[in-house]
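Rule-based calculations on the coordinates, nothing more; no lab input. In this text, all values refer to a predicted model and were calculated from it rather than measured experimentally. Note that each Cβ is placed from the backbone with ideal geometry, even for glycine, and that neighbours are counted across all protein chains shown.
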Amino acid sequence: MQKTAFIWDLDGTLLDSYEAILSGIEETFAQFAIPYDKGKVREFILKYSVQDLLVQVAEERKLDVEVLNQVRAQSLAEKNAQVVLMPGAREMLAWADQAGIQQFVYTHKGDNALTILRDLGLESYFTEILTSQSGFARKPSPEAANYLIDKYQLNPDNTYYIGDRTLDVEFAQNSGIQSLNFLESTYEGNHRIQALSDISHIFETVR
């Protein structure tokens, strides 16, 4: 039987980082005198992504999106201490490790993700960590999943992308792999969870 593999998203999945992200966006907007509405910004980035938000704002305000990205990345890096683990994250990573499940990360975060995972003592759980700076097309393109499947000879039927947004389900679907997500979805390969601790129960049921 092919081994199971988990590919983890970070923000909102393993890391409770949205407050730090929103704070970084607020500081970035303030630097460029852009009006900031926390509720609307949160809703937008959950539905789409921070990158999509910055692209839209840059177009509207005739700004360089790369400059916006640099300012935001610097602001966010200064807030690493505000990033904490989602409830049950460390326990699930340890459970999967004990169960012999190979674990990876694919996130839209930059390489600052490596620093955060190292600071939290989680880096050793992952065979490989892919960030926005790894050079792959952004989700929902399957490029990053295809790379991991090919490199590590993963079985798509036993490979799960674990996330918290519709974008993450779409990424799993486009990649032909399974999905574990906090949201309901019409994708038949999606398994809804309400807490990370649900993951071990799902697999105990399967076995």
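Taken one residue at a time, the phi angles of the range 184-191 give Karplus couplings (6.51, -1.76, 1.60, θ = phi - 60°) of 6, 7, 7, 5, 5, x, 8, 10 Hz. Gly and Pro are set to x. Close amide H partners of D111, meaning residues 5 or more places away or on another chain with modelled amide H under 5 Å apart, are Q133. Rounded to the nearest 10 degrees, the angle from helix 166-175 to the longest Cα principal axis of the chain is 50 degrees.
Roughly what % of Cα-Cα distances in the range 18-81 sit above 20 Å, to the whole percent? Every Cα pair in the range 18-81 considered, those over 20 Å come to 16 percent.
3J(HN,Hα) couplings calculated from phi for the range 140-147 with the Karplus curve 6.51 cos²θ - 1.76 cosθ + 1.60 (θ = phi - 60°) are, in sequence order, x, 4, x, 3, 5, 5, 4, 4 Hz; Gly and Pro show x.
The computed Cα extents along the principal axes in Å for the structure shown corresponds, within (1) 56, 31, 30; (2) 66, 47, 29; (3) 49, 35, 31, to (1). Full extension of the chain between D64 and L114 yields a length gain of 15.4 nm, computed as 0.36 nm times the residue separation minus the alpha carbon distance.
Rounded to the nearest 5, the antiparallel percentage of DSSP beta bridges internal to the chain is 10%.
Each of D198 and T186 was given a label point 7 Å from its Cα along the Cα-to-Cβ line. The distance between the two points is 2.0 nm. Summarising the amide proton neighbourhood of D16: residues at separation of 5 or more, or on other chains, whose placed amide H is nearer than 5 Å comprise V84, L85, M86. Relative to the longest principal axis of the Cα atoms of the chain, helix 18-31 runs at roughly 20 degrees. In the structure shown, do any of K3/K47; K79/K139; K79/K109 have a Cα-Cα gap over 22 Å, and if so which? From the list (K3/K47; K79/K139; K79/K109), the Cα-Cα distance tops 22 Å for K3/K47; K79/K139.
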